[in-house]
């Protein structure tokens with residue numbers, strides 16, 4: 001368990017650095033632009049991660065919000081309960097409801113935009129159009145190709161999920177070893193591992209998939225969802241509130 005404690009302390013030390021959390025949104029924008037440039041110039045060769053069938057995409061990214069909720073739910077309960085009432089913990093858990101609503105609204109909006117701006121084609125040459133098919137789902141089901149304005153859902157969810165997780169991990173920067181328990185330590189390590197995977201796969205998306213505008217819009221939606229909640233709304237009283245800060249822990 002000493003090794004686990006050491007890992008937790010090192011991770012907490014990393015996130016205590018002012019630049020790590022402050023510049024994380026900027027990192028996602030930078031990766032989007034850099035990755036898109038590399039893709040446009042064809043400077044990155046194909047690899048295992050250039051296929052959407054890679055294991056991280058299939059078993060993590062495709063269900064990324066599920067991973068985020070499954071890990072954050074118990075973590076928020078544990079990390080927000082020190083010197084706090086059950087009411088406070090329940091209030092903090094509503095942040096997951098808000099985040100889920102943002103995730104659902106954005107992804108459904110992306111699907112809708114792609115449907116209303118797209119057309120169904122018989123092949124990659126985009127010459128034979130099927131005007132009677134008006135949705136991507138129906139087009140794909142018929143074995144054809146749908147071409148529409150495809151805002152990157154991967155860029156959105158990976159950026160948004162990472163920012164939410166990093167915000168919710170803040171209590172671990174101030175909880176001393178005396179108050180930490182193994183379940184909390186393991187959840188913290190798992191959340192950090194998920195953030196690493198999300199950032200890596202965000203980079204892969206930027207390098208291998210989508211056009212620049214698709215990725216930038218998806219990324220900005222993720223950043224905006226985080227900013228309007230944790231920066232603008234949550235500091236106010238009538239909100240889910242922010243995770244406990246340093247002065248709130250013994």
- Item | Leading residue by the ranking (nearest to the chain's Cα centre (by Cα)) among those in region 85-97 that are under 11 Å from residue 241 (Cβ atoms) and surrounded by 15 or more Cβ atoms within 10 Å (Cβ to Cβ) | 95
- Any helices (runs of 4 or more DSSP H) falling wholly within region 28-118 and containing at least 1 residues that are modelled with pLDDT under 95 and in contact with a strand residue (DSSP E or B) (Cβ under 6 Å, 6 or more places away or on another chain): none
- Conditions (1) in contact (Cβ under 8 Å) with a residue 12 or more places away in the chain; (2) exposed (fewer than 12 other Cβ atoms within 10 Å of the Cβ); (3) within 17 Å of residue 167 (Cβ to Cβ) -> residue 124 fails only (3)
- Task: Mind counting the residues in region 1-12 that are touching a helix residue (DSSP H, G or I) at 6+ places or on another chain (Cβ under 9 Å), assigned to a helix (DSSP H, G or I) and either farther than 16 Å from residue 193 by Cβ or free of Cβ contacts under 8 Å to residues at least 24 places away in the same chain (or both)?
- Result: 1
- Only one of (1) without any contact (Cβ under 8 Å) to a residue 12 or more places away in the chain; (2) within 22 Å of residue 193 (Cβ to Cβ); (3) buried (at least 16 other Cβ atoms within 10 Å of the Cβ) is not met by residue 21, so which one is it? (1)
- Report, by residue number, each residue of region 211-220 that is in contact with a helix residue (DSSP H, G or I) (Cβ under 7 Å, 6 or more places away or on another chain) and either in a loop (DSSP other than H, G, I, E, B) or surrounded by fewer than 22 Cβ atoms within 10 Å (Cβ to Cβ) (or both). 212, 216
- Message: Go through (1) buried (at least 19 other Cβ atoms within 10 Å of the Cβ); (2) farther than 23 Å from residue 6 by Cα for residue 224 and report which single condition fails.
- Response: (1)
- Item | Of all residues making up region 127-148, the number that are in a loop (DSSP other than H, G, I, E, B) and under 22 Å from residue 215 (Cβ atoms) | 1
- Item | Any chance residue 200 is surrounded by fewer than 21 Cβ atoms within 10 Å (Cβ to Cβ) and free of Cβ contacts under 8 Å to residues at least 60 places away in the same chain | no
- Tabulated pairs, region 150-178, first assigned to a loop (DSSP other than H, G, I, E, B), second modelled with pLDDT under 95 and surrounded by 24 or more Cβ atoms within 10 Å (Cβ to Cβ), C-beta under 9 angstrom, 6+ apart or interchain: 169/79; 175/79
- Message: Please go through region 127-139 and give me each residue that is exposed (fewer than 13 other Cβ atoms within 10 Å of the Cβ) and either modelled with pLDDT of 80 or more or touching a strand residue (DSSP E or B) at 6+ places or on another chain (Cβ under 6 Å) (or both), ordered by number.
- Response: 132, 137
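The values are calculated or read from the model by the stated rules, or taken from the named source; none is laboratory data. Nothing here was measured: the structure is a model prediction, and the numbers come from that model. Neighbour counts are summed over all protein chains in view; Cβ atoms, including those assigned to glycine, are modelled from backbone coordinates with ideal geometry.
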